[in-house]
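Following: one structure in structure tokens, then a few remarks.
The values are calculated or read from the model by the stated rules, or taken from the named source; none is laboratory data. None of these values were measured; they are calculated from a predicted model. Neighbour counts run over all protein chains shown; Cβ positions are idealised from the backbone, glycine included. Ligands, DNA and RNA are stripped out before the accessible areas are found, and what is left, the full protein with its side chains, is counted by its heavy atoms. Shrake-Rupley method; radii C 1.70, N 1.55, O 1.52, S 1.80 Å.
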Amino acid sequence: MSPTDPLTDVPTTPRRKVLVSGAGTAGSALAFWLNRCGYAVTVVEKADTPRSGGYPVDVRGTALEVVRRMGILPQLQDAQIDSRRITFLDEDGSEVASVDPHTVAGGVAGRDIEVRRGDLTDALHAAVRDDVEFLFGDSIDTLDQYDHGVDVTFRGGGRRSFDMVFGADGLHSRTRELLFGPEEKFHRYLGYCFAGFTMRNTFGLSHEIMMWNTPGRAAALYAVEDSATVHAFLNFARPEPPFDAFRKPEAKRDLVAAVFADAGWEVPGMIAAMRDANDLFVDVVSQIRMPRWSSGRVALVGDAAYAPSFLTGQGSSLALVGAYMLAGSLARRDAAAGFAAYEHGTREFVTVNQEQVGAGDAALFPTTARALERRNDMLRNLGTMPSTEGRPAHSALTLPEFMPMR
């Protein structure tokens, strides 16, 4: 460990046992810091292996300091995607504007990091895999709390006891459901639905994004490198979430196809590719907002507690910061005091990032012709100069130097 690491000098007394549900960004980062605080960490993940692939993600602002303290910043910098431009297109496919991606996302060129999601999770897993126990291909089935611990039964049939349990299992968290009840209680729908998948790169795209818009609809192609495939993305506004359609695989495809049935540009080919895609992901655009993130000896982190939605671009950064704050808050405290400190120190940062977008007002996805015209005028005025100042929300928290556990 480098001298700059704030969580050092682990105890020699028997280590308290904790369980982390989820081996994604939040779960792996939390496992790293809990281990540094002296806990014996087990991570359970329903996938059979660490998750790879996925869309590019951003690490910005305060989260950059987290990955620096973890020692993985150089690795992420080496894996950085060099997105050179994002081109916006009108309904007929004509160019509206071509701008530097950082000016749109509110990032800082040369400082903020964009990497493939799989590269981030690989770096996190490599940093912790030799120090904690991983249970792949399994998940939590039940939780039973008592005064001094939590009894956990697993879907695979095992049963174990832990001092604390942490839900880092994403937007549709099973841990949150067991602890606090149905997702609907905390789900804030933002007025959009989306579909994502990969398709053949027959467009000659490289290191760039192309985005087509009409009021309430958007289609994008994202080429992260000189590759035979691109990430395809379809987004559309809808007053109410179509949960009934989302329960059936073919109904989801039919819904998206119907919304874009009369679309131009490359959208017909994208719809055809979506029909055959084996990695299609369709969901609503939403946030998770909770009055508290813990109960008893169980706490939530990342999307499970405070998903900000992809519209903010801050999901991975909030997960990294939240994991650091949660583990550090527990370094010299019991569960009750540690969880209270975690919420006190982190909630304002979460709130200011979630409030970057409200229901139906995502700047890149206007829902009316007038709003689309205003957005296009704004894009034309942006030019191609990269941003030199990030959004204040990204750096709204200065990381504490947590005292080592004694």
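Can Asp283 be described as modelled with pLDDT under 90, over 30 Å from Gly149 (Cα atoms) and either in a helix (DSSP H, G or I) or acidic (Asp, Glu) (or both)? So Asp283 fails the test. Cβ-Cβ contacts under 9 Å between residues 6 or more apart (or on different chains), taken from a first residue in segment 290-315 that is touching a residue at least 12 places away in the same chain (Cβ under 8 Å) and open to solvent by less than 10 Å² (accessible area, probe 1.4 Å) to a second residue that is among the acidic types (Asp, Glu) and in a strand (DSSP E or B), are listed as Gln314/Asp58. Considering the conditions (1) hydrophobic (A, V, I, L, M, F, W, C); (2) at pLDDT below 95; (3) open to solvent by less than 50 Å² (accessible area, probe 1.4 Å), Leu318 is excluded by exactly one of them, (2). Within segment 158-176, residues that are buried (at least 18 other Cβ atoms within 10 Å of the Cβ) reach partners that are basic (Lys, Arg) with beta carbons closer than 7 Å, at six or more positions or on different chains, in the pairs Phe162/Lys17; Met164/Arg297; Val165/Arg297; Gly167/Arg176. Scanning segment 65-116 for residues that are open to solvent by 20 Å² or more (accessible area, probe 1.4 Å), among the acidic types (Asp, Glu) and closer than 25 Å to Val357 by Cβ turns up Glu65, Asp90, Glu91, Asp100, Glu114.
Criterion first (at pLDDT 75 or above, surrounded by 14 or more Cβ atoms within 10 Å (Cβ to Cβ), among the polar types (S, T, N, Q) and more than 14 Å from Leu311 (Cβ to Cβ)) does Thr351 satisfy it? So Thr351 fits the description; yes.
Checking each residue in segment 181-235 for being β-branched (Val, Ile, Thr) and at pLDDT 95 or above picks out only Thr214.
Among the residues of segment 45-69, count how many are within 18 Å of Arg129 (Cβ to Cβ), out of contact with any Lys or Arg (no Cβ under 9 Å at 6 or more places or on another chain) and not small (Gly, Ala, Ser).
3
How about segment 208-219: which of its residues are of a type outside the set (A, V, I, L, M) and either open to solvent by 30 Å² or more (accessible area, probe 1.4 Å) or not in a loop (DSSP other than H, G, I, E, B) (or both)? Please lay out each step first, then the result.
To start, the set of residues in segment 208-219 that are of a type outside the set (A, V, I, L, M) comprises 208, 212-217.
Hits for segment 208-219 are Glu208, Trp212, Asn213, Thr214, Pro215, Arg217.
If you go through segment 137-157 and keep only what is loosely packed, with under 14 Cβ neighbours inside 10 Å, assigned to a strand (DSSP E or B) and at pLDDT 95 or above, you end up with Thr142, Asp144.
For segment 354-376, the set of residues classified as loosely packed, with under 14 Cβ neighbours inside 10 Å, charged (D, E, K, R) and at pLDDT 85 or above consists of Glu355, Arg370, Glu373, Arg374, listed by residue number.
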